[in-house]
Amino acid sequence: MTRRHFNRLLAAAGTGSGALGGCATGGAGAEPSLDALARAKGLRFGSTLGVGSAGRGSRFHDAAYRELTARECGVLVPENETKWPQLCPDPRQPYRFGPADEMFAWARSQGMALRGHTLLWMLPKWLPDWVNTHDFGAQPRQAAERLLADHVRTTCSHFGDSIESWDVVNEAIAPETGLLHENVLTRHVGDVELIAQAFHQAREHAPKAQLVYNDFMSWGEGNAKHRAGVLKLLAELKRRGAPVQALGLQAHIGVWSLPAPGGAGATGVEWRRFLDEAMGMGLDLLITELDVNDRGLPSDIAQRDAGVAAAARDWLDVTLAAPRLHRLLCWGLADHYSWLQDGKPRDDGLQKRPLPYDAQLKAKPLRGAIADALRAMPAR
Ligand code: G3I
């Protein structure tokens with residue numbers, strides 16, 4: 001993170017000044033919503049909602065949180081409810097569309113656009129268990145192709161044109177090697193071939209939706225192979241005529257220390273080069289899952305929040321400058337509902353603070369940083 005952003009944010013946290021983009025007042029009431037700020041620049045802002053994960057209740061059924069989501073967002077994506085294992089945990093039973101239908105009906109009533117996530121998550125552990133143990137019979141290639149085709153058709157046909165954008169394929173690249181993940185389906189169909197088929201099937205059954213490849217490559221150290229692998233996959237999909245239209249940048253940013261002199265520097269340049277290459281293939285860009293892991297930051301809340309906000313601001317300044325970027329979505333709005341609370345804990349055992357609002361739904365410096373980045377970015 002850059003010292004300039006960090007020092008300004010830390011000073012503002014100490015004084016409660018408006019340098020946090022208005023969030024120091026503790027609410028977005030008088031402030032324009034993040035979606036209003038985004039719209040002013042030709043973007044939309046959104047977030048994810050879900051019925052919850054083990055032990056932490058349903059975000060969707062938390063009325064205050066849902067109201068916050070409606071106030072800030074113009075786009076909604078379900079956190080888990082449109083994934084294959086959740087829709088079809090047992091192939092002998094009908095698809096479970098209920099939870100997603102309920103959320104989507106509410107989101108539409110609030111005037112939000114809808115995203116679907118995700119038709120094919122390539123890692124074996126995120127395929128339905130029954131797919132991993134499926135008997136593909138005497139003609140395994142045809143059987144595997146049919147399994148995927150049935151899933152994409154059933155899912156896309158159910159939601160129809162209500163979904164403006166689908167994460168068709170999620171996380172196909174192994175970050176440490178840049179190579180494609182294998183799974184039980186790729187073993188029979190081939191890796192790029194399987195992914196290409198998913199895009200073709202999505203095009204057929206969701207003809208109006210934007211079709212997205214979504215992944216978590218970023219600008220941090222050790223991401224070069226991941227970025228190269230993603231570009232190689234996208235180029236190959238284009239070469240084969242697969243209808244991939246956009247690249248989803250998950251943006252699970254990690255911040256591992258307080259600012260060093262130099263800040264974003266070289267990594268920012270490499271990141272912009274990566275974005276330029278993707279745009280050069282004719283792809284649009286979306287930020288699909290922004291949050292900031294604060295595991296490397298000190299316990300002190302003012303320092304931690306300033307560090308998280310400064311890291312996000314650095315990343316957003318570079319990323320929002322990309323002219324084909326049209327959506328900015330966070331992976332949740334309030335800290336206590338973040339998936340990161342389920343991951344590796346902080347050394348001090350404190351709850352992480354990765355999202356724009358705290359557990360009391362009070363706006364944090366990260367909200368101010370997102371607002372400021374939106375105000376500062378070039379319009380499209
Ligand atoms: O719904 C079941 C529940 O019935 C069961 O009792 C409980 C027991 O653990 O599990 C519940 O399912 C959990 C599900 O979230 C819904 O709450 C799964 O165990 C849990 O693994 C799942 O985690 C999600 C994870 O993706 C895997 O699907 C996280 O909430 C979600 O935030 C995370 O999101 C991913 C994106 O899809 C892709 N990019 C990375 C991002 C973060 O990992």
Given the chain, what percent of its DSSP beta bridges are antiparallel, to the nearest 5?
-> 5
Quick one: Karplus J couplings for region 331-347, per residue in order, coefficients 6.51, -1.76, 1.60, θ = phi - 60°, nearest Hz, x for Gly and Pro?
-> 8, x, 10, 10, 3, 5, 9, 6, 4, 5, 5, 8, x, 4, x, 5, 4
Lysines whose Cα lies under 21 Å from that of LYS83, excluding same-chain neighbours fewer than 8 positions away = LYS125, LYS208
Translational D in µm²/s for region 275-353 (Stokes-Einstein at 4 °C, 1.567 mPa s, Kirkwood Rh from C-alpha pairs) | 92
List, largest first, the extents of the alpha carbons of region 196-301 along their principal axes, each in whole Å.
-> 52, 26, 18
Based on the Cα gyration tensor of the chain, what are the three equivalent ellipsoid semi-axes, each the root of five times an eigenvalue, rounded to whole Å and given largest first?
-> 34, 23, 19
Taking only the alpha carbons of region 126-165, what extent do you get along each of the three principal axes, in Å, biggest first?
-> 38, 20, 14
May I ask you to list the lysines whose Cα is less than 25 Å away from that of LYS364, ignoring any residue fewer than eight positions away on the same chain?
-> LYS41, LYS344, LYS352
How large is log10 I(q)/I(0) at q = 0.14, 0.23, 0.25 Å⁻¹ when the Debye formula is applied to the Cα atoms of region 145-218, each weighted equally and without solvent?
-> -0.46, -1.05, -1.15
Only helical DSSP H runs with n ≥ 4 go in: add -39500 (n - 2.57) per run for the chain, normalise by residue count and round the 222 nm mean residue ellipticity to 500 deg cm²/dmol.
-> -12500 deg cm²/dmol
Of all the accessible heavy-atom surface of the chain, with the other protein chains kept in place and a 1.4 Å probe, what percent is carbon and sulfur?
-> 52
Which of GLU81, GLU221, GLU31 moves the most in a Gaussian network model of the chain with Cα springs under 10 Å?
-> GLU221
Please work out the Cα convex hull volume for region 280-326 and give it in Å³ per residue.
-> 86
About the Cα centre of region 3-376, what is the dipole size in debye to 20, counting +1 per Lys and Arg Cβ and -1 per Asp and Glu Cβ, all else neutral?
-> 640
For the chain, averaging the sequence separation of alpha carbon pairs under 8 Å that lie six or more residues apart and dividing by its residue count, the contact order in percent is 21
Using the Karplus equation 6.51 cos²θ - 1.76 cosθ + 1.60 (θ = phi - 60°), what ³J(HN,Hα) coupling, rounded to whole Hz, does each residue of region 248-255 give in order, writing x for Gly and Pro?
-> x, 9, 4, 6, 7, 7, x, 10
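The values are calculated or read from the model by the stated rules, or taken from the named source; none is laboratory data. Since this is a predicted model, take the numbers as computed values, not measurements. Using ideal geometry, Cβ is built from the backbone for each residue, glycine included, and neighbour counts are taken over all protein chains shown. To get the accessible areas, we keep the full protein, side chains included, count just its heavy atoms, and leave off ligands, DNA and RNA. Shrake-Rupley method; radii C 1.70, N 1.55, O 1.52, S 1.80 Å.
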